[in-house]
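A.B. asks: Handing you a structure now.
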Amino acid sequence: MATLKLNNLEKSFPAGKNRHRVLKGIDLTLHENEFVSVVGTSGCGKSTLLSIAAGLEPFDSGDVLVDDQPIEGPGLDRGVVFQSYTLLPWLTARGNIEFALKAAGVPARDCPAIAQQHLELVKLGHAGDRWPGELSGGMKQRVAIARALSYRPKILLMDEPFGALDAMTRHQMQQLLIEIWEKHRLTVMFVTHDIEEAVWLSDRIVVMGQGNIDTTFPVDLPRPRNDGVNRTARFIDLQHEVLSCIQQHAIN
Ligand SMILES: Nc1ncnc2c1ncn2[C@@H]1O[C@H](COP(=O)(O)OP(=O)(O)OP(=O)(O)O)[C@@H](O)[C@H]1O
């Protein structure tokens, strides 16, 4: 288990002769085994924040700390899953996972067994020899999750991972993610546009304004969250509270 701390994080991009300040002193701590969703209007800086936490994007000032140690680029302590399927098309499902494991320095002889174990974790133990082109969107995303988890990161960073999936597949993927999160005691940062998904999955929901954190909503719903929980008054109230907070920024 690990904590992820973002302290006074500043990020700007060049914009003509000036700079566009995209993150304005973000302070956010994800505690061990906490599931935190980040929501907000389009362009508010969610993906930039996640990419910085992943070590994929440089930042201007502030700190990004995993277990109080500053990060130096991408690391094996953090797994990343994006919306678009990032599988290498010339490798099978198993080959994609083995590729990541080898890149992480895992001895080649250990890779097939670890890959198979993680394919089974995402319920694709039977599909390891299939090529990405032969997999459905949900299956591709399950391989991407298996790959991100294969080198045993303590933190999982997910940027709209289910955004391209149909409603039924999306729901199945949410269930699977929660199962994995509970089993592996991961700390999760989850960027989404889907407020119901955020309430369903999270311990906390962080609503971003333009480059800042507006409000944090603790999700005080009991776990495990069964199918009926999304019809409870508290679930529906939370959805409305988060939505109206986001909408303030869409209007202003
Ligand atoms: N490489 C870049 N160069 C310049 N500007 C960028 C770059 N990446 C992002 N931006 C700008 O930074 C701002 C935040 O972008 P970001 O993708 O983080 O927002 P977001 O909240 O994830 O949006 P969405 O919900 O639409 O994915 C936007 O104004 C965007 O145009």
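A.B. asks: Determine which lysines satisfy two conditions relative to residue 11: a Cα distance under 30 Å, and not lying fewer than 8 residues away in the same chain.
C.D. replies: Within reach: 24, 46, 154.
A.B. asks: Where is the GNM fluctuation largest for the chain (alpha-carbon springs, 10 angstrom cutoff): 170, 94, 234?
C.D. replies: With Cα springs under 10 Å in the chain, the top fluctuation among 170, 94, 234 is at 234.
A.B. asks: Who wins for biggest fluctuation among 146, 54, 233 in a Gaussian network model of the chain, springs between alpha carbons below 10 Å?
C.D. replies: Maximum among the listed residues: 233.
A.B. asks: Given charges of +1 on the Cβ of Lys and Arg and -1 on the Cβ of Asp and Glu, with all other atoms neutral, how large is the dipole of the chain about its Cα centre, in debye to the nearest 20?
C.D. replies: On the way: 26 positive and 30 negative charges, 96 e Å.
Approximately 460 debye in magnitude.
A.B. asks: Pick from 172, 117, 83: which residue has the top mean-square fluctuation in a GNM of the chain where Cα pairs under 10 Å get a spring?
C.D. replies: 172
A.B. asks: Grab the alpha carbons of the chain, take their convex hull, and tell me the volume per residue in Å³. Don't skip to the end; give the middle numbers.
C.D. replies: Working: hull volume 34.3 nm³, N = 252.
Measuring per residue, one finds 136 Å³ for the Cα hull of the chain.
A.B. asks: Choose one of 56, 188, 12: the residue whose Cα lies farthest towards the positive end of the charge dipole of the chain (beta-carbon charges +1 Lys, Arg; -1 Asp, Glu; about the Cα centre).
C.D. replies: 56
A.B. asks: Further question: State whether region 87-152 is rounded, prolate or oblate according to the following rule on the C-alpha gyration tensor (a ≥ b ≥ c being the square roots of its eigenvalues): a/c under 1.5 gives rounded; otherwise a/b larger than b/c gives prolate, and the remaining case gives oblate. Don't skip to the answer; put the middle values down first.
C.D. replies: Numbers: a/c = 1.77, a/b = 1.50, b/c = 1.18.
The shape class here is prolate.
Taken together, the values in this text are just the output of simple stated rules run on the coordinates, not laboratory data. None of the values given here were measured: they were computed from a predicted structure. Neighbour counts run over all protein chains shown; Cβ positions are idealised from the backbone, glycine included.
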